[in-house]
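Chemist: First the structure, then my questions, so here it is.
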Amino acid sequence: MNGANGSLDFEKLWKQPSNRDFVPCVQPGSNYTAPDESRGYLLVHTNGGLNQMRAGICDMVAVARIINATLVVPELDKRSFWQDTSNFSDVFDEDHFINALANDVKVIKKLPKDLSSATKVVMHFRSWSGLEYYRDEIASLWEEFQVIRAAKSDSRLANNHLPPDIQKLRCRACYEALRFSPKIEAMGKLLVDRMRAYGPFIALHLRYEKDMLAFSGCTHGLSDVEAEELRTIRENTAYWKIKDINATEQRSRGYCPLTPTEVGIFLTGLGYPSNTPIYIAAGEIYGGDTHMADLRSRYPILMSKEKLASVEELEPFTNHASQMAALDYIVSVESDVFIPSYSGNMARAVEGHRRFLGHRKTISPDRLVKLFSGTRLGLLMEGRKVSNRISEIHKKLQGSPRRRRGPVSGTKGMERFRSEEAFYVNPLPDCLCKRVCENVNASTA
């Protein structure tokens, strides 16, 4: 019986949620035409980390279509916290991007030389804007300017209430056109293959890195020295607007990532045994072994790109945060189970991609602040009660199909848009449709 129960438990842990016959449907409608004659050029300066830039690039593809612009291959952010010097072609397959969008938007690698001195306008496009804003207000700029430059690309396009063909274009851009460069794709595949040698595996996006903790002000479980270091980083990073943060309040409101120790309790509570292979999709964990010891004692098969590949194999990507993040992205999308410790840009992007590819198992942890605090303070002992609580809460948080969530009731203005579930977290219903099954009535002679 133990053997039978073990098999059942194993199947339950790795079983994928039903996709309920939802499949990608991103082809444009019958009235969709080749791009209209270009009225000018759209330059884009992306901002943020890899996944923030990815979403922004795909939105700008849609904006270029709406305003009849020729899109110049976007510039990647080189000024953010990570100081990454990578160009578009270092991270993405530039030629594939241009060719894949040929029927949607004209894309060129550089602004023509004869336009280098042309009159340009630099615009901060309004956040979460719809079709009318771009079609009327932004497109009217063509009457005076030949080149429009978007100073930022993140969250410039509404999540909802856009024409179906524009929504489908965003998905084609994100999941088909925006492919990583060949060298990144090859290295990512190698990492996946090496993880698969250990059996079914979890990709754990452990967002417990210095930049995240400094930005969010989350210092739970850190020493006073570490907390002060993070405060100093936040104070000295000019473009981070919020400086004074109450760490206790942040945590109580669910705005902090799970600590590595809490992740260990969470995985144990879900029932994953100690021999479960886990890929750590993250940069350098703040505090290193000091904060990883408990998680490693529970799950010794903790792997990372640095452990799976040699220094020589990783050398082309080292010191380029976006390229290293792209490797983690590939492994996370291809993993048997994906679990993020925090719902940031990476977690949201991977979740959306996995939904698009068939609703692969993605467990989104509830913060469980009171439960984890109880175990830390010794008020609640780990065991069946804690495990049952964790399992029960997460039964319906495993990536099964559902429609994208709208705004939180009662919110207004920008907060209303901010409270919506982001388009790239869940492309249903815009880019996923029920498979149509034909019923064939066989006649008998």
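The values are calculated or read from the model by the stated rules, or taken from the named source; none is laboratory data. Computed from a predicted model, the values in this text were never measured in an experiment. Note that we place each Cβ from the backbone using ideal geometry, even for glycine, and neighbour counts take in every protein chain shown. Note: areas computed on protein heavy atoms with side chains; ligands, DNA, RNA excluded. Shrake-Rupley method; radii C 1.70, N 1.55, O 1.52, S 1.80 Å.
Residue-wise test of (1) of a type outside the set (A, V, I, L, M); (2) assigned to a helix (DSSP H, G or I); (3) farther than 23 Å from residue 80 by Cβ.
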site	(1), (2), (3)
142	yes, yes, yes
153	yes, no, no
159	yes, no, yes
162	no, no, yes
167	yes, yes, yes
185	yes, yes, yes
188	yes, yes, no
194	yes, yes, yes
214	no, yes, no
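Chemist: Select from the stretch 44-58 the residues that are assigned to a loop (DSSP other than H, G, I, E, B) and either of a type in the set (A, V, I, L, M, F, W, C) or open to solvent by 10 Å² or more (accessible area, probe 1.4 Å) (or both) and list them in ascending order.
Modeler: Once the filter is applied, which keeps residues that are assigned to a loop (DSSP other than H, G, I, E, B) and either of a type in the set (A, V, I, L, M, F, W, C) or open to solvent by 10 Å² or more (accessible area, probe 1.4 Å) (or both), the stretch 44-58 yields 47, 48, 49.
Chemist: What number goes with the only condition from (1) in a helix (DSSP H, G or I); (2) open to solvent by less than 10 Å² (accessible area, probe 1.4 Å); (3) over 24 Å from residue 416 (Cβ atoms) that residue 148 does not pass?
Modeler: (1)
Chemist: Next question. Identify, from the list 103, 99, the residue that is assigned to a loop (DSSP other than H, G, I, E, B), at pLDDT 95 or above, out of contact with any helix residue (DSSP H, G or I) (no Cβ under 7 Å at 6 or more places or on another chain) and open to solvent by 10 Å² or more (accessible area, probe 1.4 Å).
Modeler: Unique residue meeting the criteria: 103.
Chemist: I want to confirm something. Restricting to the stretch 393-437 and keeping residues that are among the hydrophobic types (A, V, I, L, M, F, W, C), without any contact (Cβ under 8 Å) to a residue 40 or more places away in the chain and over 18 Å from residue 19 (Cβ atoms), which single residue is surrounded by the fewest Cβ atoms within 10 Å (Cβ to Cβ)?
Modeler: Here is the first cut: in the stretch 393-437, the ones among the hydrophobic types (A, V, I, L, M, F, W, C) are 393, 397, 408, 414, 417, 422-423, 425, 428, 431-433, 436-437.
Okay, now just the ones that are also without any contact (Cβ under 8 Å) to a residue 40 or more places away in the chain, so 393, 397, 408, 436.
Among the residues that remain, those that are also over 18 Å from residue 19 (Cβ atoms) are: 393, 408.
Working: 393: 14, 408: 11.
Per the stated criteria, the residue is 408.
Chemist: Could you list, in sequence order, the residues of the stretch 1-22 that are outside any helix (DSSP H, G or I) and at pLDDT 60 or above?
Modeler: So the first thing to find is which residues in the stretch 1-22 are outside any helix (DSSP H, G or I), and the list is 1, 15-22.
Scanning the stretch 1-22 gives 15, 16, 17, 18, 19, 20, 21, 22.
Chemist: For the condition modelled with pLDDT of 75 or more, more than 30 Å from residue 265 (Cα to Cα) and among the hydroxyl-bearing types (Ser, Thr, Tyr), what is the one hit in 387, 391, 364, 409?
Modeler: 409
Chemist: Another question about this same structure. Does any residue of the stretch 75-89 turn out to be touching a strand residue (DSSP E or B) at 6+ places or on another chain (Cβ under 7 Å), assigned to a loop (DSSP other than H, G, I, E, B) and open to solvent by less than 10 Å² (accessible area, probe 1.4 Å)?
Modeler: No, that holds for no residue.
Chemist: For the stretch 110-135, how many residues meet the condition of being in a loop (DSSP other than H, G, I, E, B) and either touching a Lys or Arg at 6+ places or on another chain (Cβ under 6 Å) or open to solvent by 100 Å² or more (accessible area, probe 1.4 Å) (or both)?
Modeler: Going through the stretch 110-135 one residue at a time, the tally reaches 5.
Chemist: In the stretch 218-263, which residues are free of Cβ contacts under 8 Å to residues at least 40 places away in the same chain, polar (S, T, N, Q) and in a loop (DSSP other than H, G, I, E, B)?
Modeler: If the condition is that a residue be free of Cβ contacts under 8 Å to residues at least 40 places away in the same chain, polar (S, T, N, Q) and in a loop (DSSP other than H, G, I, E, B), then 219, 223, 246 are the ones that fit.
Chemist: With the condition being touching a helix residue (DSSP H, G or I) at 6+ places or on another chain (Cβ under 7 Å) and open to solvent by less than 30 Å² (accessible area, probe 1.4 Å), I'd like the helices (runs of 4 or more DSSP H) fully within the stretch 272-369 carrying at least 2 qualifying residues.
Modeler: The helices (runs of 4 or more DSSP H) meeting that bar are 289-298, 305-308, 321-334, 345-356.
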